[in-house]
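Participant: Got a structure for you, questions after.
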Amino acid sequence: MDKHLLLPLVILSSLLGFLQALQCFHCDRVNASGVCVSGERFCETTGSQQCFVKKVYRDGIISYGYQGCSSLCVDMMFLNFNVNLDWKCCHHASLCNKF
């Protein structure tokens, strides 16, 4: 194969692999034990979406959380007195956002 065509094909195949839909856990409310108590289902990412898991801590102890698919997803941690919010994103594998 022509060397000039090989590089674009490799780049295109890697992009298509990244854009494949992922299955993510979705839960509107996860309790402190990690059990979904509201809205348990799966969601499928589209476009540039990623799976996420958000955990809320009070006084350093997990209080509750959420899981799902998100278009705006950046790993971050907010600290506010006795409440901490930990937001993690993933797109390396389906169901990567286990609580």
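Participant: Taking a ≥ b ≥ c as the square roots of the Cα gyration tensor eigenvalues, with a/c under 1.5 meaning rounded and otherwise prolate when a/b beats b/c, else oblate, which class fits region 22-90? Intermediate values should be presented prior to the final figure.
Facilitator: Details: a/c = 3.45, a/b = 1.42, b/c = 2.43.
In terms of gyration-tensor shape, oblate.
Participant: So how do L22, L79, L95 line up by other beta-carbon neighbours within 10 Å, fewest first? Could you put the intermediate results ahead of the total?
Facilitator: On the way: L22 21, L79 10, L95 13.
Least crowded to most crowded, the residues run L79, L95, L22.
Here, each number is a calculation from the coordinates, and none is a lab measurement. These figures come from a predicted structure and were not determined experimentally. Neighbour counts are summed over all protein chains in view; Cβ atoms, including those assigned to glycine, are modelled from backbone coordinates with ideal geometry.
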